[in-house]
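The values are calculated or read from the model by the stated rules, or taken from the named source; none is laboratory data. As the structure is a prediction and not an experimental result, all values here were calculated from the model. Methodologically, a virtual Cβ is constructed for each residue, glycine included, from the backbone with ideal geometry; neighbour enumeration extends over all protein chains shown. Heavy atoms of the whole protein, side chains included, go into the accessibility calculation; ligands, DNA and RNA do not. Shrake-Rupley method; radii C 1.70, N 1.55, O 1.52, S 1.80 Å.
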Amino acid sequence: MQAMSITRLKCTRALPILSVFGAFAALSQPVGGQPHGEYTYNTYGTPGLIDMPTAQSAEDAELSATVSHFAGSTRNTLTFQFTPRLSGSFRYSKIDGFSGANRDALFDRSFDLRYRVLDETRYRPAIAVGLRDFVGTGVYSSEYIVATKTVTPRLSFTGGMGWGRLGSYNGFTNPLGVLNDKFETRPAGTTGFGGQVESAKWFRGDAALFGGVAYQATDKLTLKAEYSSDAYARLDGNGTFDRKSPFNFGLDYRLRDNIHMQAHYLYGSEVGVSFNLITNPRKPAVYGGAGTAPLPVKRRQGAGDLGWTQEPDTQTILRNTTATLLANDGMTLEAMKLSGRSVTIHIRNDKYLARSEAIGRTARILTQTLPASVQTFTIVPVENSIPLSATTLKRSDLEDLEYAPDATWRSYARAEVTDAADSLEGVTYNGTLYPKFTWSLGPYISASYFDPQEPVRIDAGLKLQGRYDIAPGWLLSGTLQQRIAGNVGDSTRPSDSKIQKVRSEGFIYAREGETAMTELTLAHYFRPGKDLYGRVTAGYLEREYGGISGEILWKPVGSRLALGAEVNYVKQRDFNQGFGFRDYSVATGHMSAYYDFGNGYHGQIDAGRYLAGDLGATFALDRTFANGWSVGAYATLTDVSFDDFGEGSFDKGLRFTVPLDHLLGRPTGQTYKTVIQPLTRDGGARLNVDGRLYDSVRSYHDPQLKDSWGRFWR
């Protein structure tokens, strides 16, 4: 078994998971006010006192990274506030002496969920219910019900009841036993290889009480004390931890609005420290913005005549002028169709993640360049030369609404967003775009995680990328990597997979591919009909597989629902990632359903056949933001049994998209995509192929376009 997870970056394709913590350091900019309010984070990286939880919740959409250490245990936790009431956490811990003082350290992965059931009122405390380590090996397995009451703006009290680890000190018979005597006994151990939802343990066994107090002494300093119900039975007496008291004391100091340091005295014998980095995708890290201002709307002096249409070179001059102004604003003119009263313009937007901002800036440019007789603007964003939607605007509306106090909603109400499948008829393409070769050379970093021999491994080197745009919709691209230093391939733990090894030998690809052709493909993108989008990609699709991949997506412009189908036939590549192949080949593919639930929540179900030939489905939920942020989780269940899957029982993980705009305060169009998998096994493994359609298509459709329309006038 090889525990490995490769983190991918949209621009460079590889970024270490440590970049999540590194990015937090950069993201931790003051966001105005005190984002914590009265709550702080505990050693488990969730809102709490010291080692115990509280009923308080973080701000909606808050994302925190916590590193805490005491008694030979180091916990690294990412916590995201999915909704105002629901939060989730992923934790990776190193625990010395867990199985005895002379044993190797235990590296443990765990997930938490917490839901605030009741809000605090004048007389009622806030109440929350939590599950700690509910998917994992059960090292921290516990459940709790907790209440917190704010007595004064600076003073709060917490009391709760815990089960599992939180019911292990001064416990008593479970009061839920009055409902069913099965609650009085907690099953021991974990099921199979861990990673399963251990619901049979929830709120079972002895219960115990915990509580504490937090006092905000100053605007920066919070003092805390608690009574802990965790006996730490597996560590006490192992030579790493001597638990002498249930009382803990600590302080939290706010270095900056989003950076906190904590010091603790725990269990009468240990000193601990914690460090919190916090950001919120809903809030900019840099206020004010450093991007260039858009051109103003140029008002016409009369309706204008059509005499210009008789001049032979006028259209060429107008296209060139428009292309120049678009280029100055970070966009590219793909194609244009111009008549006396209307224009249809196709643009490439690689700069503005808020897609409505690109449309708004293009509209302003058209008022500057086109004759007064042109009244109707149809702006068609394209990606890989396929039109994604058509936004039609009246020039007179732009002139009337530019400085109106309610310009945002009125401009959206007057805009017409439609399908753009037929928009390419009669257009004149930008002659400088096809054929065209572009290339780049730069550094890359890739990483693997969660191998117990070495939890973090990193490779670094140079990457050469090339792209040849042959004709509209046809492109040839490739990537060559040269590793300069690193240890990703140094693992000596062979894969113990009981099924076909389709991903668990990734460390061998890293070791053998010192000079690697990670991708070489020919792709064709097309619109087969209204509401339909298509892609065919052939070649060396990724570092481990080559073959052919085809995809069709149905996505009406105004629909929250999209349906897709993808079929692939691939063969496993040689470990050295040259031109050769290994013996294994497979036909794989999925039917997909995508749904926008509103308020930034997107669900996705992919059902089909995976790389190992297993059949099943992947369920994913992401929360996305108009500024380009995305935070989500996924889980895959297939007909591979948990025993055959091995450690972890089934594939699952977290995924993040971080826009560089958020850090710099100016539009760049670049995003960093990170996938965190607790384990990389062979069950539920899917092909990694560039250019899948849904994300690019939906960004120019409603309701996402509507959600970002506030930046139309930026």
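Quick notes on this structure:
- Under a 5 Å amide H cut-off, with hydrogens placed 1.01 Å from N, Glu334 pairs with His346, Ile347, Arg348 among residues at least 5 apart or on other chains.
- Here Ser396 and Thr314 are evaluated by their C-beta separation; at R0 = 22 Å the FRET efficiency comes out at 0.45.
- Whole-number D in µm² s⁻¹ for the chain, Kirkwood Cα-pair radius fed into Stokes-Einstein, 10 °C, 1.306 mPa s: 57
- Among 171-178, 207-214, the order from most to least packed when residues are scored by Cβ within 10 Å on average: 207-214, 171-178
- Cross-link pairs Lys436/Lys571; Lys298/Lys394; Lys351/Lys673; Lys337/Lys394; Lys149/Lys224 - those with Cα-Cα distance over 19 Å: Lys436/Lys571
- The spacing between region 660-690 and region 458-493, judged by their C-alpha centroids, is 16 Å.
- Our helix-only sum for the chain, with -39,500 (n - 2.57) per DSSP H run of n ≥ 4 divided by its residues, gives a mean residue ellipticity at 222 nm of -3000 deg cm²/dmol.
- Virtual paramagnetic centre 7 Å along Cα→Cβ of Lys673, amide N under 12 Å, in region 541-557: none
- Spin-label model, Leu86 to Arg410: label points 7 Å out along the Cα-to-beta-carbon direction sit 4.0 nm apart.
- Accessible-area rank, largest first, for Asp219, Asp469: Asp219, Asp469, with all protein chains present and a 1.4 angstrom probe.
- Relative to the longest principal axis of the Cα atoms of the chain, the long axis of helix 18-27 makes an angle of roughly 70 degrees.
- Residue-wise HN-Hα couplings along region 630-641, as the Karplus relation 6.51 cos²θ - 1.76 cosθ + 1.60 with θ = phi - 60° gives them from phi, are 8, 9, x, 9, 9, 8, 10, 10, 10, 7, 6, 5 Hz; Gly and Pro carry x.
- Relative contact order (%) - criterion: Cα under 8 Å, at least six apart; region: the chain: 13
- Label-to-label distance, nm, for residues given as Arg256 and Leu223 (7 Å Cα→Cβ offset): 2.9
- Per-residue Karplus couplings for region 352-363, computed as 6.51 cos²θ - 1.76 cosθ + 1.60 with θ equal to phi - 60°, are listed in order as 9, 5, 7, 4, 5, 5, 5, 5, x, 5, 5, 4 Hz, Gly and Pro entered as x.
- Backbone HN-Hα couplings from phi across region 694-699 [Karplus 6.51/-1.76/1.60, Hz, Gly and Pro as x]: 4, 4, 6, 5, 5, 5
- Between the amide H of Arg503 and any residue lying 5 or more places away or on another chain, no distance stays under 5 Å, with hydrogens modeled in the peptide plane.
- Heavy-atom accessible area ranking, 1.4 Å probe, most first, across Val129, Val567: Val567, Val129
- Mean separation of Cα contacts under 8 Å (6+ apart) over length of region 44-189, as relative contact order %: 15
- For the peptides 504-511, 660-667, residues were scored by their other Cβ atoms within 10 Å and the scores averaged per peptide; the highest-first order is 504-511, 660-667.
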